[in-house]
Protein chains: 2
Amino acid sequence: MESLQMSRVFTLIEPGPVVLVTTNDGQKDNVMTITWTMVLDFTAEFAITTGPWNYSYIALQESKECVISIPTVDLIDTVVGVGTCSGADTDKFTKFKLTRLKAKYVRPPIIKECLANIECKVVDILTQYNIVVLQGVAAYFDSTREEKKTLHAVGDGTFIVDGRRIDRKKMMQAKLPSGI
Amino acid sequence: MESLQMSRVFTLIEPGPVVLVTTNDGQKDNVMTITWTMVLDFTAEFAITTGPWNYSYIALQESKECVISIPTVDLIDTVVGVGTCSGADTDKFTKFKLTRLKAKYVRPPIIKECLANIECKVVDILTQYNIVVLQGVAAYFDSTREEKKTLHAVGDGTFIVDGRRIDRKKMMQAKLPSGI
């Protein structure tokens, strides 16, 4: 999994894929499925919606660190499985056979099976709206992976898989940030 | 375009489609393309990232109203065109042949050519992070429309079109909100 330049990291989140978020509470790792995410800036700043209803939230709040991992369509049942059980009583890494790799700047692990991983620091928690503001500090992309199609949760128990890609780079040239 | 029950509105935004946002500054309508959006709650509460760099921002800030319209793949060049010119010097509705319909609770118009429209009130603007918090108050869906595939901006000038849909309703049953 090679390093991804920070100026390109927002392009992982902008299309709106389902993500896995790893945390560490000081004793053990955990992972949750998150579908509510948003880019805040081209400088790898993101928001996710989460709160006390997620077991991972306490670890996120106290450690102020996480890794955002981006799974692909072949991991659909891992994504749904991780999202429908709790780290309170389940070691999800063992249950779903997810391989943990050591991150560089944060304690929560990178997930080897995912297409991309973003090491993040928690910048702020806007508790009124359950918005967690994250700053990406390092990112990795597995370009050797054959399957690159990500998943988009609809919220009704169905998921849309990436289809074809349309190129409008020329029309958008003036609007694209540098380094893209 | 029929009414959509409010309990289902978050499913329009959760997959992460590119949206058009209409505003009215008290004198004229405008429309912008927004790719940074997030669901905040099942009760039709959303966030978008925008700021003074968008001409529409002043209208959004002052009128505290907008409509989120969801275009489909056949509107790709409208989406890119709207996103690469400014309401400061362009009547985008005329230029891109977008038909305005009267909204029920807000002054900005609904866009007839879009698959879905959500009338929204601005609940809050978190200026530190350029996050605008929106509350959906009414929504519409055009089920007669043949093309239903939406677009996901990557941020590098390319767009991913919706592909196939995978059903995991049974596995997720316990996690789905009521009314879905």
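The values are calculated or read from the model by the stated rules, or taken from the named source; none is laboratory data. This structure is a prediction, so every number in the text was calculated from the model and none was measured. All Cβ positions, even for glycine, are placed from backbone atoms using ideal geometry, and neighbour counts span all protein chains on display. Areas reflect the complete protein model, heavy atoms only, side chains present, ligands, DNA and RNA absent. Shrake-Rupley method; radii C 1.70, N 1.55, O 1.52, S 1.80 Å.
Filtered by the rule that a residue be within 12 Å of chain A (Cβ to nearest Cβ), part of a loop (DSSP other than H, G, I, E, B) and open to solvent by less than 20 Å² (accessible area, probe 1.4 Å), region B:23-78 gives B:Ala44, B:Thr50, B:Gly51. Contact map, region A:87-106: first residue assigned to a helix (DSSP H, G or I), second residue open to solvent by less than 10 Å² (accessible area, probe 1.4 Å), Cβ cut-off under 7 Å, separation 6 or more or different chains; pairs are A:Lys92/A:Val31; A:Lys92/A:Val82; A:Phe93/A:Val31. Condition (residue is more than 9 Å from every other protein chain (Cβ to nearest Cβ) and among the aliphatic types (A, V, I, L, M)) applied to region B:87-94: is it met by at least one residue? Yes, there is a match, as at least one residue in region B:87-94 is more than 9 Å from every other protein chain (Cβ to nearest Cβ) and among the aliphatic types (A, V, I, L, M). Being within 8 Å of another protein chain (Cβ to nearest Cβ), within 25 Å of A:Ala47 (Cα to Cα) and either open to solvent by 30 Å² or more (accessible area, probe 1.4 Å) or not in a strand (DSSP E or B) (or both) is the filter here, so list the residues in region B:129-158 that pass it. B:Tyr129, B:Asn130, B:Val154, B:Gly155, B:Asp156, B:Gly157, listed by residue number.
Restricting region B:159-180 to residues that are outside any loop (DSSP other than H, G, I, E, B) and hydrophobic (A, V, I, L, M, F, W, C), the residue that is farthest from the other protein chains (Cβ to nearest Cβ) is B:Ala174.
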